[in-house]
C-alpha cells in the first residue's frame, strides 16, 4: 500500500507555492513612529476633574502628587491594520516629606487604557495619543 501520491514531489512543490502566496497576502506591518510628545489625561477622583496635558519625552510633570515621565511614545500610520498607540511611562508618587515611590513603570496603550493602569486611590492617568508637536514650550535641557 502506498501512502504518498505518485507525484508527491509535485504535490509538495504545489503546497510550498501556496504557502508562499499566503505569506504574500498577509498585511504588511509598518514600523512604529517615534513621537516627541505624549498627550495624557488625568482624573482627580476627589474633584472629578479630568485634565489633558502634553508631556515631552524624558520630561517630568507633576499631576497632583504624581510625577509622570514618558520615556517613549509610538504610533503607527493610519494605513496600518494595527492602529496601536503606545507609550512607556514612569509614574512616581511624591510624599509630603519629599521622597518618591515608584507606582508604575510600563507600557500604556491608547486604545486599551485599562490594560496597564496606574493603581492609585486618588488619581488615574492614561494615554490619549502621541504627537509630533505641541503648543507647550520645550523643556530647557541644559
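The values are calculated or read from the model by the stated rules, or taken from the named source; none is laboratory data. Keep in mind the model is a prediction, meaning the values are calculated, not measured. Neighbour counts run over all protein chains shown; Cβ positions are idealised from the backbone, glycine included.
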Assess whether residue 71 counts as being touching a residue at least 40 places away in the same chain (Cβ under 8 Å) and assigned to a strand (DSSP E or B).
-> no
Taking segment 92-117 as the search range and keeping residues that are under 14 Å from the mean Cα position of the chain (by Cα) and outside any strand (DSSP E or B), which one is modelled with the highest pLDDT?
-> 110
Matching residues, segment 118-132, being surrounded by fewer than 12 Cβ atoms within 10 Å (Cβ to Cβ) and modelled with pLDDT under 90 = 119
Just one listed residue, out of 58, 54, is under 27 Å from residue 133 (Cβ atoms) and assigned to a strand (DSSP E or B), and it is 54
Looking at 111, 97, which one is out of contact with any strand residue (DSSP E or B) (no Cβ under 8 Å at 6 or more places or on another chain), surrounded by fewer than 13 Cβ atoms within 10 Å (Cβ to Cβ), within 14 Å of residue 41 (Cα to Cα) and free of Cβ contacts under 8 Å to residues at least 60 places away in the same chain?
-> 111
